[in-house]
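Encoded as structure tokens, the structure appears first; notes follow it.
The values are calculated or read from the model by the stated rules, or taken from the named source; none is laboratory data. In this text the structure is predicted, and so the values were computed from the model without any measurement. All Cβ positions, glycine included, derive from the backbone under ideal geometry; neighbour counts span all protein chains shown. Areas reflect the complete protein model, heavy atoms only, side chains present, ligands, DNA and RNA absent. Shrake-Rupley method; radii C 1.70, N 1.55, O 1.52, S 1.80 Å.
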Amino acid sequence: MIDLTAEMAGLWTALGAAPSHRGRLIMFVSAVSGEGTSTVAREFSRLAAVRANRPIWLVDADLMEQRQQVQVIQQPERFGRSGAVVAGSPDGSCFFAIRPPFVDENGQRIRPARLLTAQAFLGRRLYVTRFQHEAIKAGQNAFVVKQGDYWSALAAHADVVIVDAPSLDRDDTALALAPFMDDIVLVVGEGADVDPPRHLTQQIQAAGGRLSGVVINRATYRPPRALRRLLA
């Protein structure tokens, strides 16, 4: 495992001061799969949990492949022993919807937030979400909604909310969430082509998002000149 503590400390400093009235919303995303976005988001969450005054939330926004909580549980030397499981929404709002919706025996709709939980780590300084996708039935599908209610509610209870979004070549979750984020950090892996990150930057800006930084996911990697111009 590559230790990204120094890089994450630099990113923490580079992002600057957070909003004074609520927690900061930061999304990590890559243009293509395999760039290490989940690793970077997880390591940044770990550093933020040590430095922040209130709890940090790491939201796994990949509704098809929920891996963050499993990865954190498997690294007790870095994240401590897993703690209590709590509701993943402070007020019943949610960043995704399910179609057709769940209904109870009386035909009343069940909120999607019922399927979103979070587990505590690092002595309750870090909470990592999990969407219980195994509860989805045949014919149903979950999708991200373009609404900011959930993010506003969660930011009121956390110092930083970190969103691990699936790469753009898999789905457009990042573009749907971009308008609600304070900062969007692009993750670029070793040997990355220049064009996908450039196109992703343009798409994020067109969606109303703000690209605040780029993480090169290899300490020894020196990007080509064209990519360095993009990062600048």
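For segment 1-98, what does the accessible surface come to per residue with a 1.4 Å probe? Please give it in Å².
Heavy-atom accessible area per residue stands at 45 Å².
Order the following by accessible area, largest value first: 44, 143. Probe radius 1.4 Å; ligands, DNA and RNA are ignored.
143, 44
Calculate the dipole size of the chain relative to its Cα centre from +1 charges on Lys and Arg beta carbons and -1 charges on Asp and Glu beta carbons; express the result in debye to the nearest 20.
440
Arranged from highest to lowest average of other beta-carbon atoms within 10 Å per residue, in what order do the peptides 24-32, 107-115, 203-211 appear?
The packing order, highest mean first, is 24-32, 203-211, 107-115.
Does segment 1-44 come out rounded, prolate or oblate by the C-alpha gyration tensor, with a ≥ b ≥ c the root eigenvalues, rounded set by a/c under 1.5 and, if not, prolate when a/b is larger than b/c and oblate if not?
oblate
Projected onto the charge dipole of the chain (+1 at Lys/Arg Cβ, -1 at Asp/Glu Cβ, origin at the Cα centre), which of 131, 162, 68 gives the Cα projection farthest towards the positive end?
162
Checking the a/c ratio against 1.5 first, then a/b against b/c, what shape does the Cα gyration tensor give for the chain?
The shape class here is prolate.
Give the peptides 59-72, 157-170, 4-17 in descending order of average Cβ contacts within 10 Å, highest first.
Packing order, densest peptide first, comes out as 157-170, 59-72, 4-17.
Expressed as a whole percentage, what fraction of the accessible surface of the chain belongs to carbon and sulfur atoms when a 1.4 Å probe is rolled over the protein heavy atoms?
About 48 percent, which is the carbon plus sulfur part of the accessible surface.
Treating only the Cβ of Lys, Arg, Asp and Glu as charged (+1, +1, -1, -1), what charge dipole size does segment 93-191 show about its Cα centre? Round to the nearest 20 debye.
About 440 debye.
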